[in-house]
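Every number in this text was worked out from the coordinates using simple rules, so none of it is lab data. Being a predicted model, the structure only gives us computed values, none of them experimental. For neighbour counting, all protein chains shown are included, and Cβ atoms are generated from backbone atoms with ideal geometry for every residue, glycine included.
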Amino acid sequence: MLDYDSGDNVSIRVNERFYFIFVLSGYHFFVRDNETPVYCLEKDTTEEKLGEMLKLALSQCRIIDPYENSDFFDRKRIDEDYKEWVGDVLIKCKFKSIKSLFLNMMSCSIKRINGNIILQPSLHKKLKDWTRDGYSDDDDIILPDTVTNAELGKAIKEVLSRCRSVVK
């Protein structure tokens, strides 16, 4: 594998009741790492706890070479893993439907690289689809990776407040 620093990548989604923190692993292309849990925190969690859980998730990211582990990037595996997560959340968190889980869900991407943590808002374009459409680097929040858990949790809430939705 080439010497490539992809950074550590995480996705955080939030709806009216919960934060969901996804560890992303890969090599240029990142997908949810099914060897790590999706961390679920209630919406009223403290900024300290939110920042702490993000740092934990960032520490679990892995570089996975697609030539050495093509199964990790298998579309069918990724789809099955996602469906299993949705099913588990519907039951454990008592959502009545997929729509009630996703309707007001915002998502941000987070990368730790070169001593910084970069938080990027997104546009909720379809029920289960988020993009960077309409955003620029000016919308991102960049912090040193030495930031306190509370400051990081506050930044997560701020970047999620910058997210927009066109889903109805």
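Rounded to the nearest 20, the size of the Cβ-charge dipole of region 8-165 about its Cα centre is 740 debye, with Lys and Arg at +1 and Asp and Glu at -1.
For region 7-56, what log10 I(q)/I(0) values come out of the Debye formula at q = 0.19 1/Å, with one point per alpha carbon and no solvent? The Cα Debye sum returns log10 ratios of -0.62. The spread of Cα positions in region 98-168, taken along each principal axis and listed from longest to shortest, comes to 38, 23, 16 Å.
Counting other beta carbons within 10 Å of each residue's own, what order do Glu48, Glu84 fall into, fewest first? Don't skip to the end; give the middle numbers.
Details: Glu48 15, Glu84 11.
So the ranking, lowest neighbour count to highest, is Glu84, Glu48.
Per the Cα gyration tensor, the chain maps to an equivalent ellipsoid with semi-axes of 23, 21, 16 Å, ordered largest to smallest.
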